[in-house]
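Taking it in order: structure first as structure tokens, then the write-up.
The values are calculated or read from the model by the stated rules, or taken from the named source; none is laboratory data. On a predicted model such as this, the values are computed, not experimentally measured, just so you know. Using ideal geometry, Cβ is built from the backbone for each residue, glycine included, and neighbour counts are taken over all protein chains shown. Note: areas computed on protein heavy atoms with side chains; ligands, DNA, RNA excluded. Shrake-Rupley method; radii C 1.70, N 1.55, O 1.52, S 1.80 Å.
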Amino acid sequence: MDKQTTINETEFNEIFAIMEASFPVSELRTYSGQRDLLNHPNYHLYTSKDAEGRILAFLAAWEFPGLRFIEHIAVNPALRSGGIGNKLMSSYIARSGKPVLLEVEPPDGELEQRRIGFYERLGFHLNPYDYMQPPLRAGQADLPLRIMTYPEPVTMEEFHRFRDILYTDVYQVSGQSRV
């Protein structure tokens, strides 16, 4: 896993292409909105590359004093189920002892349950609290998701504190309007 301190246009385009192939529009920023994050001091990209330097997978995370938030992790669709995502996640988790959070869709269908199972096998816990992801693009509605945490489940108080950090620092909205 390489931490990308600088991203060139080709690398960004490879990452964004994997993003677009892996997430619904409701879970993605626009191209320019995503690119703008590269200038944010708390936002970091980690990649897994092949011998030729092509990006196989990426992990996009926000790192704060009291927590780390994985906003996106995705593997090139042609290479899924080969352990690349597991290795990338495991490597990221091992980088620090801070709690790690991520958002997942509620476990309503088989695909969502499989994703949650992937994270649970890595030691994440699905928390029972209601959570709304603010829109990532203009004109979108809030998105009902769930929060998973590593290495432990969180209390309601911890959940509210972490949620408020995400709302303020990642999504730049007031949490009070979504409670």
- [ ] Identify all residues within the range 7-59 that are touching a Phe, Trp or Tyr at 6+ places or on another chain (Cβ under 7 Å) and open to solvent by less than 30 Å² (accessible area, probe 1.4 Å); write none if there are none.
- [x] I15, F16, I18, Q34, L37, Y43, L45, Y46, T47, F58, L59
Open item on the list: So, in the range 23-33, exactly how many residues are in contact with a strand residue (DSSP E or B) (Cβ under 9 Å, 6 or more places away or on another chain) and either charged (D, E, K, R) or at pLDDT 95 or above (or both)?
Closed with: 1
Task: Scan of the range 99-131 for residues that are within 23 Å of R161 (Cα to Cα), over 14 Å from the mean Cα position of the chain (by Cα) and modelled with pLDDT under 95, ordered by number - done: P106, D130
Open item on the list: Condition (residue is under 19 Å from N42 (Cα atoms), over 15 Å from the mean Cα position of the chain (by Cα) and β-branched (V, I, T)) applied to the range 154-168: is it met by at least one residue?
Closed with: yes
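So that you can scan it fast, the table gives a plain yes or no per residue for (1) among the hydrophobic types (A, V, I, L, M, F, W, C); (2) at negative phi; (3) assigned to a strand (DSSP E or B):
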site	(1), (2), (3)
M19	yes, yes, no
F58	yes, yes, yes
G66	no, yes, no
E71	no, yes, yes
G82	no, yes, no
- [ ] Quick one: in the range 82-119, of everything that is free of Cβ contacts under 8 Å to residues at least 60 places away in the same chain, farther than 20 Å from S22 by Cα and of a type outside the set (G, A, S), which residue is surrounded by the most Cβ atoms within 10 Å (Cβ to Cβ)?
- [x] V100
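Yes/no matrix, rows are residues, columns are (1) farther than 30 Å from P128 by Cβ; (2) among the hydroxyl-bearing types (S, T, Y):
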| position | (1), (2) |
| --- | --- |
| E14 | yes, no |
| R54 | yes, no |
| P65 | no, no |
| S90 | no, yes |
| A94 | no, no |
| D108 | no, no |
| E112 | no, no |
